[in-house]
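Report on one structure; see the data block that follows.
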Amino acid sequence: MTSRQCKLLPLYLMMLLTATSTAFQVPSKSILHPHTKQQRQTTTLFSTPPPESPSIPNPLTIIAKSQPSTRPPTDPMVGEDAATFDWSNEKWGKLGSADWLTFLAAVGTILTAVAITWIIPSTGYSDDFLHALNGVTGGNPHLITLAYGIIFPLVHSGLASARPYGEKIVGARMWRVIFAFPSLCLAFSWITYFISHCHDGYTFWDLRGNEAVHTIAWITNFLSFFFLYPTVFNLKEVAAVDQPKIHLWETGIIRITRHPQAVGQTMWSAAHLAMVGTTFTALTMALLVAHHAFACWNGDRRLYDEHGQDFLEIKKRTSVLPFAAILDGRQVLPDDYYKELLRAPYLVIAIGTLGAYVAHPFMQAGSALSMNAGYVEGGIFNGLF
């Protein structure tokens, strides 16, 4: 590896972390201890106890240990309570245990493997892949993003759909690695290509300098991530530390829409297109939204195959279109619905989203360096073939 590539490696890894959305704060052993108040007991004739003050939930306490909402009798629980978390149950643990040290080791291992086998030009194959796309499309950016928009869904959704068959052969944890690795590689390549070429093509509008549009786009983009990443409901499953499952969530953001990722992707795409109105950006955003629209159908199919009648019960009370089930009365929000949202995974999303926004200049610089690093034929596996 050359000295220049060593300098580029931190930027590559920063962009890869953003692509996989694994910005989080790892909890260790609980530091929350109950505080007991010693009340001095006095004897007073005819004394009456003071009236109790109304109990106001402490947001930090609720985040540290999720509290269930009060469900109405007409809302039976057939699925899972989403984004539950208990700080006191989390610990670093030892390597090999289902704890955060193993999680960090697993994430670090797969990101290192992606960097070496895909990102770094001298050892990886991302530059070879892009070189091949350039050859097929004649270097046309619109055709290249179209190719990414076809290949990525085929790989990502295809492997997700093959999950029931793959897990029988290699197990749930190994299949998660098989599923995640090519998805990470292709996501990184498409993101870096989009950042470098988002201004290509015909420009219908460019409102980056409009403060009002920027503010609206920023807020929309920030909110979109609360829909986009329900995977943080259990980060350990993402890294296959816990055995991956097809969860039937039914609380929290799921009450608003049954397919939050599709809604979040639409919001994110609309916000970015509002800022940069080029034909390249419009095509890329359309491809992303189309993939997630297909995933709504595919996701329902996979949930039904896994959960059967339980999924149909939740489907009756939820909707794909945000708030539709609430407005037509099929979904009744609990009076203390806030308890389903004031949870640690949503805080992780907020922190990660703000971190990604701050890192935007570095992502743009890293993308430019990645695109300008040059084409180095072959990679680390050349000697094996």
Review point. Looking only at region 191-220, which residues are closer than 26 Å to Leu369 by Cα, touching a strand residue (DSSP E or B) at 6+ places or on another chain (Cβ under 9 Å) and open to solvent by 80 Å² or more (accessible area, probe 1.4 Å)?
Key: His199, Tyr202, Arg208
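For (1) surrounded by 11 or more Cβ atoms within 10 Å (Cβ to Cβ); (2) modelled with pLDDT under 85; (3) under 26 Å from Tyr304 (Cα atoms), each residue gets a yes or a no:
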residue	(1), (2), (3)
Ser53	no, yes, no
Pro57	yes, yes, no
Thr61	yes, yes, no
Lys65	yes, no, no
Thr70	yes, no, no
Thr74	no, yes, yes
Ala83	yes, no, yes
Trp92	yes, no, no
Check your understanding: Which one is farthest from Pro334 (Cα to Cα) among residues in region 92-111 that are out of contact with any helix residue (DSSP H, G or I) (no Cβ under 7 Å at 6 or more places or on another chain) and assigned to a loop (DSSP other than H, G, I, E, B)?
Key -> Ser97
Review point. Taking region 282-301 on its own, how many of its residues are over 18 Å from the mean Cα position of the chain (by Cα) and closer than 16 Å to Ser224 by Cβ?
Key: 1
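Looking at this structure, is Trp297 free of Cβ contacts under 8 Å to residues at least 60 places away in the same chain and either open to solvent by 40 Å² or more (accessible area, probe 1.4 Å) or in contact with a helix residue (DSSP H, G or I) (Cβ under 9 Å, 6 or more places away or on another chain) (or both)?
Values: free of Cβ contacts under 8 Å to residues at least 60 places away in the same chain: yes; either open to solvent by 40 Å² or more (accessible area, probe 1.4 Å) or in contact with a helix residue (DSSP H, G or I) (Cβ under 9 Å, 6 or more places away or on another chain) (or both): yes.
In short, yes.
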Practice item. Scan Ala132, Ala147 and give me the residue that is among the hydrophobic types (A, V, I, L, M, F, W, C) and more than 24 Å from Gly299 (Cα to Cα). Key: Ala132
Practice item. Confirm whether Ile246 is more than 30 Å from Ala212 (Cβ to Cβ), in contact (Cβ under 8 Å) with a residue 24 or more places away in the chain and surrounded by fewer than 20 Cβ atoms within 10 Å (Cβ to Cβ). Key: yes
Review point. For the subset of region 162-175 comprising residues that are open to solvent by less than 40 Å² (accessible area, probe 1.4 Å) and in a helix (DSSP H, G or I), which member is farthest from Ile151 (Cα to Cα)?
Key: Ala172
Exercise for review: Within region 274-294, identify whether any single residue is assigned to a helix (DSSP H, G or I), open to solvent by 40 Å² or more (accessible area, probe 1.4 Å), free of Cβ contacts under 8 Å to residues at least 12 places away in the same chain and closer than 19 Å to Ser161 by Cβ, and answer yes or no.
Suggested key: no
Check your understanding: Which residues, taken from region 351-372, are open to solvent by less than 50 Å² (accessible area, probe 1.4 Å) and assigned to a helix (DSSP H, G or I)?
Key -> Gly352, Thr353, Gly355, Ala356, Met363, Ala365, Gly366, Ser367, Ala368, Ser370
Review point. Residues of region 373-385 being of a type in the set (A, V, I, L, M) and either in contact (Cβ under 8 Å) with a residue 40 or more places away in the chain or surrounded by 17 or more Cβ atoms within 10 Å (Cβ to Cβ) (or both), which ones?
Key: Ala373, Val376, Ile380
Point to revise | Subset of region 226-243 that is in a loop (DSSP other than H, G, I, E, B) and open to solvent by 30 Å² or more (accessible area, probe 1.4 Å) - its residue that is nearest to Lys316 (Cα to Cα) | key: Tyr229
Check your understanding: Scanning region 328-350 for residues that are open to solvent by 70 Å² or more (accessible area, probe 1.4 Å) and more than 14 Å from Thr70 (Cα to Cα), which turns out farthest from the chain's Cα centre (by Cα)?
Key -> Asp328
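A quick yes/no check of all residues on (1) touching a Pro at 6+ places or on another chain (Cβ under 7 Å); (2) among the hydrophobic types (A, V, I, L, M, F, W, C):
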position	(1), (2)
Val263	yes, yes
Trp268	no, yes
Met275	no, yes
Thr278	no, no
Thr284	no, no
Leu288	no, yes
His291	yes, no
Ala295	no, yes
Asn298	no, no
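Any residue at all in region 254-267 that is open to solvent by 60 Å² or more (accessible area, probe 1.4 Å) and part of a helix (DSSP H, G or I)?
So in region 254-267, the residues open to solvent by 60 Å² or more (accessible area, probe 1.4 Å) come out as 261, 266.
Okay, now just the ones that are also part of a helix (DSSP H, G or I), so 261, 266.
Yes, region 254-267 contains a residue that is open to solvent by 60 Å² or more (accessible area, probe 1.4 Å) and part of a helix (DSSP H, G or I).
Would you say Leu223 is open to solvent by less than 50 Å² (accessible area, probe 1.4 Å), among the aliphatic types (A, V, I, L, M) and in a helix (DSSP H, G or I)? Steps first, answer last, please.
Details: open to solvent by less than 50 Å² (accessible area, probe 1.4 Å): no; among the aliphatic types (A, V, I, L, M): yes; in a helix (DSSP H, G or I): yes.
Judged against the criteria, Leu223 is not a match.
Quick grid of which residues meet (1) touching a Leu at 6+ places or on another chain (Cβ under 8 Å); (2) touching a residue at least 40 places away in the same chain (Cβ under 8 Å):
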residue: Pro68; (1), (2): no, yes
residue: Thr74; (1), (2): no, yes
residue: Val78; (1), (2): yes, yes
residue: Thr84; (1), (2): no, yes
residue: Lys94; (1), (2): yes, no
residue: Leu101; (1), (2): yes, no
residue: Ala105; (1), (2): yes, no
residue: Gly108; (1), (2): no, no
residue: Ala115; (1), (2): yes, yes
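The values are calculated or read from the model by the stated rules, or taken from the named source; none is laboratory data. Just so it is clear, the model here is predicted, and its values are computed rather than measured. Here the Cβ is made from the backbone with ideal geometry for all residues, glycine too, and neighbour counts use every protein chain on show. When the accessible area is computed, the model is the full protein with side chains, heavy atoms only, and any ligands, DNA or RNA have been set aside. Shrake-Rupley method; radii C 1.70, N 1.55, O 1.52, S 1.80 Å.
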